[in-house]
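Written out below as C-alpha cells is the structure these notes cover.
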Amino acid sequence: MGTQGSQEPQGPNEETTRTGRRALLGAAVLGASAVVLGTAGTARADARHGGRGLKSLPVPTVIGHRGASGYRPEHTFGSYQLALDLGADVVEAGDLVPTKDGHLVCRHEPEIGGTTNVADHPEFADRKTTKVLDGVPTTGWFTEDFTLAELKTLRAVERIPANRPHNTLYNGRWEIPTFEEVLRWQDEQTRKRGKQVWIYPETKHPTYFRKLGLGLEERVAKLLRKYNKDKWNSPVILQSFEPTSIQRLNRLVDNPLVVLLSTANSRPWDFVETGDPRTVADLISPAGLREIAGYAQGIGPTLDLVVPRDASGNLGTPTTLVKDAHAVGLILHPYTMRNENPFLPTNFRKGTDADGYGDAFGAFKAYFATGIDGVFTDNADTGVLARADFVNG
C-alpha cells in the first residue's frame with residue numbers, strides 16, 4: 001500500500017485473471033462478514049472445508065496465537081498441536097523468517113536468543129552480534145546467520161518465563177519447525193482429525209530480509225504451490241505488518257490476505273523505508289480501509305484499535321473500526337487476548353501476580369460484542385468457552 005512503484009509488473013493476462021479471482025474472494029469475505037453483521041449472536045458451527053474458503057470458519061473465529069503459547073513454548077509443534085486439541089479454529093503457524101541457506105522457519109523474530117537455547121551452544125558464541133532490525137538496534141543471534149542444519153541442533157524455550165514459569169517445564173523439548181514441515185503437519189492433522197486444519201502464517205520483517213537477498217514472499221508462494229495451497233479457498237491465511245508484502249503476495253498467490261496493524265501513531269516499516277508518511281491511523285480511515293480492500297480480505301488490528309484503553313488502562317468506548325472495515329468487505333481478526341493479568345485491561349485484572357489469571361472471559365465478551373470476526377489468543381480453550389458463552393448468552 002502506498003508504494004506502487006515497488007510493485008513488479010504483471011503479465012499481459014494476469015490482470016484479468018486476478019480481477020476475476022478477487023471477485024470470488026470478495027464474495028467469500030463479504031459472506032463471512034455478513035454472519036457478524038446480519039446475525040449477531042449466532043455463530044456458524046459448520047467448520048467443514050468444502051471449498052468455501054473463509055466462509056467455512058466459525059464466527060467469531062478462535063485463532064491460536066503462535067499455537068497454544070499460554071501453555072507451551074511458542075512456535076513449536078507442541079504448541080501447535082495443543083492449540084488444535086484445545087479447539088482453535090486456526091493455528092498461527094508460524095511467523096516466517098529465513099535461514100542463511102534460504103529455508104523458512106517459524107520463530108517470532110529472527111533474533112532467537114530469547115526463544116531458543118542458542119546461548120548454551122558454545123560453538124555458536126561467535127554468531128552473537130548487533131543488527132539494526134526495522135530501525136531498532138538488536139543484539140543476539142539471528143536466523144539468517146545459521147543454516148537450517150545448524151538451527152535444527154537448537155531447541156525452543158519459553159519466551160516470557162516471568163509470566164509463564166510453568167511453560168519452562170517444556171524448555172528444550174521441541175526443535176524449530178520449518179514452514180514446509182508445518183504444511184505437511186497440517187495435512188497430517190487434517191487426515192487424523194477428519195476436518196480441515198487451518199493455518200495463519202506471517203511474513204516477518206519482509207523489507208529487512210529482501211535487502212539481504214532473502215525475499216520471503218516468493219519462498220512462501222513456492223511452498224504453497226508445491227502443496228497445492230495457493231488458492232482462494234485454501235486453508236492458509238497470510239498476514240504481514242507490511243502492506244507491500246501483502247501486495248506482493250497478492251500477485252503471487254490467491255490465498256486470503258490480511259494486513260496487520262499496530263498502534264495508531266505507528267508507521268509500517270515499508271512505509272518508513274519508502275518515505276510514505278502515512279500512519280496506521282491513516283490506514284484505518286475509511287479511505288485507507290477501501291485501499292486495503294483492493295488487495296486484501298482482512299485486517300489484523302491490535303485490540304486497542306477496536307476498543308481503546310483510558311489513562312488507567314480500562315476499556316473505553318469502541319471505535320468505528322469494525323463498522324468501517326465491514327462496510328468495505330474486510331474481516332477483522334484483532335490480536336492478542338491473553339489470560340494473565342499484565343496483558344488484560346485494568347478493569348479485568350484480579351490480584352497483582354504477573355502470571356495470575358484475571359477475568360479473561362469478561363474481556364473476551366467485551367471484544368466479541370464489538371462484532372469482530374475472530375481474535376488471536378494464547379489460550380484457545382478460554383477463547384472457545386468464551387465464544388460459547390457469547391453465542392448462547
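The values are calculated or read from the model by the stated rules, or taken from the named source; none is laboratory data. A quick note: this is a predicted structure, and the numbers were derived from the prediction, not measured. Positions of Cβ are generated from backbone atoms using ideal geometry, with glycine treated the same way; all protein chains shown enter the neighbour counts. Only protein heavy atoms, including side chains, enter the accessible area calculation; ligands, DNA and RNA are left aside. Shrake-Rupley method; radii C 1.70, N 1.55, O 1.52, S 1.80 Å.
Residues that are under 16 Å from residue 80 (Cα atoms) and out of contact with any Ser or Thr (no Cβ under 6 Å at 6 or more places or on another chain): does the range 158-166 have at least one? No, the range 158-166 contains no residue that is under 16 Å from residue 80 (Cα atoms) and out of contact with any Ser or Thr (no Cβ under 6 Å at 6 or more places or on another chain).
Residues in the range 101-132 that are in a strand (DSSP E or B) and either without any contact (Cβ under 8 Å) to a residue 12 or more places away in the chain or surrounded by fewer than 17 Cβ atoms within 10 Å (Cβ to Cβ) (or both): 129, 130, 131, 132. When residues in the range 52-97 are screened for being under 24 Å from residue 151 (Cβ atoms) and surrounded by 24 or more Cβ atoms within 10 Å (Cβ to Cβ), 20 of them pass. Exactly one residue out of 225, 173, 191 is of a type in the set (Lys, Arg), open to solvent by 50 Å² or more (accessible area, probe 1.4 Å) and either without any contact (Cβ under 8 Å) to a residue 24 or more places away in the chain or in contact with a Cys (Cβ under 9 Å, 6 or more places away or on another chain) (or both): that is 191. Taken across the range 279-289, residues that are small (Gly, Ala, Ser), outside any loop (DSSP other than H, G, I, E, B), open to solvent by 40 Å² or more (accessible area, probe 1.4 Å) and touching a residue at least 12 places away in the same chain (Cβ under 8 Å) do occur, with at least one present. Within the range 312-347, the set of residues being farther than 24 Å from residue 72 by Cβ and not in a loop (DSSP other than H, G, I, E, B) comprises 315, 321, 322, 323, 324, 325, 326, 327, 331, 332, 346, 347.
Screening residue 35 with (1) buried (at least 20 other Cβ atoms within 10 Å of the Cβ); (2) among the β-branched types (Val, Ile, Thr); (3) modelled with pLDDT under 95 gives one miss only, at (1).
Of all residues in the range 56-83, those that are assigned to a helix (DSSP H, G or I), among the hydrophobic types (A, V, I, L, M, F, W, C) and under 19 Å from residue 339 (Cα atoms) total 2. For the range 331-340, the count of residues that are over 21 Å from the mean Cα position of the chain (by Cα) and either farther than 22 Å from residue 199 by Cα or not small (Gly, Ala, Ser) (or both) is zero. The conditions of being of a type outside the set (A, V, I, L, M, F, W, C), within 21 Å of residue 79 (Cβ to Cβ) and open to solvent by 40 Å² or more (accessible area, probe 1.4 Å) are not met by residue 218. If you go through the range 238-278 and keep only what is crowded, with 23+ Cβ neighbours inside 10 Å and hydroxyl-bearing (Ser, Thr, Tyr), you end up with 240, 244, 245. On the given criteria, is residue 96 farther than 23 Å from residue 208 by Cα and either touching a residue at least 40 places away in the same chain (Cβ under 8 Å) or touching a strand residue (DSSP E or B) at 6+ places or on another chain (Cβ under 9 Å) (or both)? Answer is no for this residue. Looking only at residues of the range 352-386 that are within 25 Å of residue 297 (Cα to Cα) and in a helix (DSSP H, G or I), we find that the one that is most open to solvent (accessible area, probe 1.4 Å) is 365. On inspection, residue 149 passes the criterion of being open to solvent by 60 Å² or more (accessible area, probe 1.4 Å), more than 21 Å from residue 268 (Cβ to Cβ) and either basic (Lys, Arg) or in a helix (DSSP H, G or I) (or both).
To keep it simple, each residue is scored yes or no on (1) touching a Gly at 6+ places or on another chain (Cβ under 8 Å); (2) modelled with pLDDT under 95.
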| site | (1), (2) |
| --- | --- |
| 323 | yes, no |
| 332 | yes, no |
| 335 | yes, no |
| 340 | yes, no |
| 343 | no, no |
| 353 | no, yes |
| 359 | no, no |
| 367 | no, no |
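Each residue in the range 243-278 was checked for being within 17 Å of the chain's Cα centre (by Cα), under 16 Å from residue 335 (Cβ atoms) and assigned to a loop (DSSP other than H, G, I, E, B), and 3 of them qualify.
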